[in-house]
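Worksheet: one structure, shown below.
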């Protein structure tokens, strides 16, 4: 069983480890392998620490922790350009996927979004990431028709926007 708390700067390395291993576990065959191979925990720690300590930070980072206090999941919520809340990221330690940690984090994200006055939450998910799409659909999210593409090592990858009214 995990609990959720606000992330601290001391959690940055653990969060980066979860994010990088999460990408490498979830995206082979979706994101070019060359991109995944270049991802390192060290580079992510540097980037995440910079983002975490920005004085103008508008996001809230939440971590799921296990009974021993170890970080096992991470989510980041902030404002979207459409006055909704936006779930920028949600990752669970790959070996623990299916244990309910993602659901627990998502519930905390929804509570935080409501506390910040957001009436809905949106997120972007890679179109070919069927596991994540099923997860969000089971949580009540629905694709709202918006799509965008990001470039990864010269490959355009489509993302689909999902929305949930709180």
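Relative contact order of the range 3-118: 28 percent, from C-alpha pairs under 8 Å at least 6 residues apart in sequence.
When peptides 83-96, 18-31, 40-53 are sorted by average Cβ neighbour count within 10 Å, with the highest value leading, the order is 83-96, 18-31, 40-53. Restricting the calculation to alpha carbons of the range 51-131 gives Rg and Dmax of 13.3, 39 angstrom.
Mean residue ellipticity, 222 nm, helices only, the chain: the sum of -39500 (n - 2.57) across DSSP H runs of n ≥ 4, divided by residue count and rounded to 500, is -10500 deg cm²/dmol.
For the chain, the mean projected area of the C-alpha convex hull, equal to one quarter of the hull surface, is 9.5 nm².
Every number here is computed from the coordinates shown, using simple stated rules; none is lab data. All figures in this text were calculated on a predicted structure; none of them were measured in a lab. Cβ coordinates were reconstructed from backbone atoms using ideal geometry, including for glycine residues, and neighbour counts include every protein chain displayed.
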